[in-house]
Amino acid sequence: MRHIFINYRRQDSEGYVGRLYDHLVQHFGSECVFMDVDSIQPGADFLKTLEEAVAACDVLIAVIGPQWLTITDEEGNRRLDQWNDFVRFEIASAIKQKKLIVPVLVGQARMPSPAELPDDIAALSHRNAVELTHKRFGPDVEHLVSALKEIIPPDPSFKPQADTEIVRRKANALKAVRAELMSATDSPLYVFRVENGYFPVLGEGNPDANIMFIGEAPGKSEAEQGRPFCGPSGDVLGEMLGGIGLNREDVFVTNILLDRPPDKRDPNPEEIAFYTPYLDRIIDIIQPAVIATLGRYAMTFILKKFDLPEKRGKISDLHGKLIKAQAPYGEIHVVPLYHPAVVLYSATQKDTLRKDFEKLKTFV
Ligand code: URA
């Protein structure tokens, strides 16, 4: 079962290909992605083996970097002009076998014209290309993955997994933020936290989550346990997530304030000003594709942070809307939602929240 064949030149695009491979494996499983010729037995006819590998795939991804077209061998001859150049051979084989070919441009490479290519791969120029950039790698690759999911038959037994390396790096970065917050004695809520034996609540869930929820502030049980949304509001959140096929572990959940304010009161401007730079760092680490805000405090902060035209809007108008925003790591969506506490005693409001959650399904 080799559905995706990655065709690339090591010298030209290796930095991108490793990351691309990790993401494809994460979504489709390692069984489904074929990248290297390492598995060719000594003495085997490697062209035949490559032809068979191409035959077994649904899609060939041709990774084209800045030197793809011009790279030469030791004698100064262009690689692409050689009959047995494996990059050319695999693409020619995919064209001959009428496979779907997706050119993926990396390192600001451009799509070659037919005149620049040997005849047997000239048709590559007509294929619609996708661009991957390091800066926007997450969203760019997600775009490619969504397109591939339309083409590749789903394997019901495969459960997509977060890339362990990415998760480890992000989890460590979050730990470092937590350690800083723990000893931030200048926090307006530090004394209250220490006097009550509370913990800061940085957030919890998948450090590489696609969807991030931001609530208001930890309550008593949250501060006692150091975990967000573990009371009745958390039950509602869990129920809503379950309704769209998600668990708490699939998403990341945090708050505008990362310590409990006294007397169940609303966050004040001084507290918001103190904690939101930490929240900014959490967002930059996780790099979610969607930020779902729970309640008006989180909504206002996020709409202002991304300087969105809706920033002065009311939650009653904006709830359930998918609003595009530009994060430093790429385009994301902001989805304002009512706070789960609001729906605790109203079946109608709960229904509204349930319907609004449906909007997140596209990102699951
Ligand atoms: N628990 C949280 O962690 N945040 C809220 O906003 C409400 C309850």
Taking segment 336-349 as the search range and keeping residues that are within 16 Å of the ligand (Cβ to nearest atom) and not in a loop (DSSP other than H, G, I, E, B), which one is nearest to Leu237 (Cα to Cα)?
Pro340
Among the residues that make up segment 248-260, is at least one of them more than 13 Å from the ligand (Cβ to nearest atom) and buried (at least 20 other Cβ atoms within 10 Å of the Cβ)?
yes
So the check is Cβ under 7 Å with 6+ separation or different chains; which pairs have a first residue in segment 207-224 that's over 16 Å from Phe363 (Cα atoms) and a second one that's crowded, with 22+ Cβ neighbours inside 10 Å and of a type in the set (S, T, N, Q)?
Ile214/Thr254; Ile214/Asn255; Ile214/Thr293; Gly215/Asn255; Glu216/Asn255; Ala217/Asn255; Pro218/Asn255
Residue check: is Ala184 over 25 Å from the mean Cα position of the chain (by Cα) and within 10 Å of the ligand (Cβ to nearest atom)?
no
If I filter segment 231-242 for residues that are within 14 Å of the ligand (Cβ to nearest atom) and under 15 Å from Arg193 (Cβ atoms), do I get at least one hit?
no
Within segment 270-293, is there a residue that is assigned to a loop (DSSP other than H, G, I, E, B), more than 24 Å from the chain's Cα centre (by Cα) and farther than 29 Å from Glu165 by Cβ?
no
In segment 213-230, anything among the small types (Gly, Ala, Ser) and either out of contact with any Leu (no Cβ under 9 Å at 6 or more places or on another chain) or within 8 Å of the ligand (Cβ to nearest atom) (or both) is listed as Gly215, Ala217, Gly219, Ser221, Ala223
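Every number here is computed from the coordinates shown, using simple stated rules; none is lab data. All values reported here derive from a predicted model rather than from experimental measurement. Cβ coordinates were reconstructed from backbone atoms using ideal geometry, including for glycine residues, and neighbour counts include every protein chain displayed.
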